Amino acid sequence: MMVPSPAVPPLLAAQPAVPQGLAARGLGWRLAEATGVAKAADQAFLRQLFASTRSLELEALGAQSPLAQQFIAMQFTARDAAYRSSHPGAVQHIIEQAGAGVERTPIGLLWVDVTSAQIDLLDISLLPHWRGRGIGSVLLNALLVQSRALQLAVALQVRADNPARELYARLGFAQVARADLDLAMRWTPALPSTTHTAAETLHEQA
């Protein structure tokens with residue numbers, strides 16, 4: 001296996017370097033599996049994770065009812081196909097428990113597409129039990145570090161009623177467009193001569 005050069009940013013490397021903030025929490029990350037049984041296991045987890053972000057719709061349909069499960073399956077498949085079509089080079093990073101003596105268990109996803117124009121953050125999500133622990137901030141700051149190194153803006157879409165919107169705003173993302181409840185937000189790295197940005201301050205506190 002080819003070992004990536006140290007100059008390759010962690011989010012783009014074949015074996016992504018684990019951000020210090022994740023390691024300190026007994027967590028790690030890896031690339032999603034692309035083939036075989038391991039791919040099927042990752043897809044099952046990603047569907048479970050997706051369902052956990054659609055709890056209101058599931059409750060309205062009866063949570064564990066066949067209709068609710070069919071709805072989630074259709075929505076998950078449609079989103080997956082759409083992202084893979086519009087962002088064929090995107091990479092899925094599976095966040096998992098990785099401490100000593102702990103079985104490696106997936107808990108979240110960071111899905112990004114790095115192009116010559118910008119970095120698209122397609123998805124960042126965690127299972128309910130792991131939310132509110134600062135893990136999202138660690139992941140976002142790792143992404144912003146790479147954005148700054150590459151001098152590429154980070155773009156994302158978020159619903160106006162999603163609590164994550166507040167975190168994005170604190171990190172310096174600005175709203176650039178709106179379509180009903182869907183907001184387009186963008187973070188632009190400061191020029192290299194600018195020192196100590198707000199994102200760096202949050203990174204130090206994470």
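Each value in this text was obtained by applying a stated rule to the coordinates, not by laboratory testing. Computed from a predicted structure; not experimentally measured. Glycine also receives a Cβ, built like all others from the backbone with ideal geometry; neighbour counts cover every protein chain displayed.
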Within the range 173-192, what residues put their amide N at less than 20 Å from the label point 7 Å along the Cα-to-Cβ vector of A153?
173-180, 182-192
Got a sec to turn the phi values of the range 118-130 into Karplus ³J(HN,Hα) couplings, 6.51 cos²θ - 1.76 cosθ + 1.60 with θ = phi - 60°, whole Hz, x for Gly and Pro?
5, 10, 9, 8, 7, 7, 9, 8, 9, 4, x, 4, 9
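Neighbour counts of other C-beta atoms within 10 Å: give me D161, D80 arranged from fewest to most. Kindly include the intermediate steps, with their values, before the conclusion.
On the way: D161 9, D80 16.
Result, fewest neighbours first: D161, D80.
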May I ask for the distance between the Cα centers of the range 113-129 and the range 134-183, given as a whole number of Å?
9 Å
Step through the residues of the range 32-42 one at a time and calculate ³J(HN,Hα) from phi using the Karplus curve (6.51 cos²θ - 1.76 cosθ + 1.60, θ = phi - 60°), rounding each to whole Hz and writing x for Gly and Pro.
4, 5, 9, 9, x, 4, 4, 5, 4, 5, 5
Residue order, fewest to most beta carbons within 10 Å, for S65, S85, S125, S52:
S85, S65, S52, S125
